């Protein structure tokens, strides 16, 4: 479903992502791992259209996404979360999730001014509450976003993405900053998301989690692809052990 | 959830209906009409500044476009005032669209700079095109009339201005809780998040800009007819700053805040009297004090306090 070909991105003289290629099969959980500064988040930004690549291309369902911004990619069924959380702190938690359903709503100014979206909005409010319940932040359904602790914000982002009913979901370090119990819950959540038919691409530091849920793992180091394969293959790869796992 | 009308709208309507009975003289009614007309523009500017977070410091230009559009079309071409008003508002919307369309593709504060430029240009054109605009002296504008009925008394004007403001408030409140309103507020909160959720950010900013220009022009047209006179000071930088101050003082994204801002900034200079030349200082001072003590603005700060008060009572 997703194919990345020779993707590169340079910042000044630094090649943050350097000729990376991989492909993601529909319905799988695909993880990208690597030490800090390996280019994981940059890779995500390139794939999700937040950044433009210096070279190479990204294909979604065989079509090049060159020149498409995140909003255009959302229309094609892609969604993502952010390592440092990008939520609208000027809105309620539930409104953030409702914003996730933007493309499914009548978002013309006229419909809004005339109040013609009220019925649909009411249904959407309930749906947003359900999604919040599903990701485990149901008790914040009536809270303002600024009142949520960090762990809840990370889940709220996932609920917001799910509201858009994506086919492909990129999760940027969903377990960062979470304790062990929370990480376990997030792992289960990702598993259930994948089981519902959404293809998941994951950037994560928590090795246990990655090894647990990934069908396929890509290892980056200094912007380059170091290894690729199943959890078992990657675990045994001597280069990976030397560069990453063995460094501890 | 709610019926077609919110409780807050009923309260606002009641205030608007009862207010004339508290007015002791025509001077107070006159100030009230000015407040209502200014509030229409402020509610519109709030859609751009409060909802979408895009600052305009040239919005008086759109008020002037409406005012002079109405003035020139009625007095020089003999158009019916209602047609002139609609045409002027449509014209201002087109101008806003032409400005915003290319500029909002860029990032940062380019829109703010462009609106500043627009305000300056509008002011210069109005002063120099004497044959059309009457130059620095301004020009007279015939009374507002439709089908043989002319609005003349201040009471009639109060009714019309109140009706227009009620419509603007209803539209703004509806928009706030609609998908389009969430898209606008969302791109204000986190542009990248809004984009990832599929919001065409540039397009929404353009739409908010056009809508706010439309309301400014309607306010300007009505003001021109009400005062029977237009002058270039309508497009002045001072007037633009005054409008922006109304929104900031009342509270970003708060519809009633914009109305309250219009009340304070229209009534205060009247109370202080003879501020000639020092308005700018007053607006600047209000803006500064708001930023320091009530960064969220009057209405949102009051709402916070009330909510906290209610919760405190529950705990007790």
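Values in this text are rule-based calculations from the coordinates and carry no lab data. Just so we're clear, the structure is a prediction, and the values are computed from it rather than from any experiment. Positions of Cβ are backbone-derived with ideal geometry, glycine not excepted, and every protein chain shown enters the neighbour counts.
Compute the length gained on full extension between residue B:167 and residue B:22: take 0.36 nm times their separation in residues and subtract their Cα-Cα distance, giving the result in nm to one decimal.
49.9 nm
Treat each spin label as a single point 7 Å out from the Cα along the C-beta direction, and report the residue B:75 to residue B:267 distance in nm.
The two pseudo-label positions are separated by 3.2 nm.
Report the antiparallel proportion of the DSSP beta bridges in chain A as a percent, rounded to a multiple of 5.
Here the share of antiparallel DSSP bridges comes out near 55 percent.
Could you tell me the calculated FRET efficiency between residue B:15 and residue B:94, based on Cβ-Cβ distance and R0 = 41 angstrom, to the nearest 0.05?
0.70
So what is the diffusion coefficient of segment A:86-165 in µm² per second by Stokes-Einstein at 20 °C and 1.002 mPa s, using a Kirkwood Rh over Cα pairs?
Answer from the Stokes-Einstein relation: 170 µm²/s.
Expected output is a single nm value to one decimal: the length gained when fully extending between residue A:114 and residue A:139, i.e. 0.36 nm times separation in residues minus the C-alpha distance. What is it?
Difference between extended and current length: 5.8 nm.
How far, in degrees from 0 to 90, does helix A:180-195 lean away from the longest principal axis of the Cα atoms of chain A, to the nearest 10?
80
So for the pair residue A:180, residue A:165, with labels modelled 7 Å out along Cα→Cβ, what separation do we get in nm?
Distance between the two pseudo-spin positions: 4.0 nm.
Could you let me know the centre-to-centre spacing of segment B:195-241 and segment B:36-100, using Cα atoms, in angstrom?
5
Based on the alpha-carbon gyration tensor of chain B, what equivalent-ellipsoid semi-axes (square roots of 5 times the eigenvalues) come out, in whole Å, largest first?
30, 25, 19
Restricting to Cα pairs below 8 Å that are 6+ residues apart, what does the relative contact order work out to for segment A:86-165? Please round to a whole percent.
It rounds to 51 percent for segment A:86-165.
For Cα pairs less than 8 Å apart in space and 6+ apart in sequence, what is the mean separation divided by the residue count of chain B, i.e. the relative contact order in percent?
The value is 32 percent.
Per the Cauchy relation, a quarter of the hull surface: what is the mean projected area of the convex hull of the alpha carbons in the protein assembly as shown, in nm²?
Average projection, Cα convex hull of the protein assembly as shown: 30.4 nm².
So what is the relative contact order for chain A, in percent, with contacts set as C-alpha pairs under 8 Å and at least six apart?
Dividing the mean separation by the residue count of chain A yields 28 percent.
So for the pair residue A:6, residue B:228, with labels modelled 7 Å out along Cα→Cβ, what separation do we get in nm?
7.8
Mind pulling up the Rg/Rh value for segment A:103-248? Radius of gyration and Kirkwood radius, both on Cα.
Taking Rg over the Kirkwood Rh, I get 1.08.
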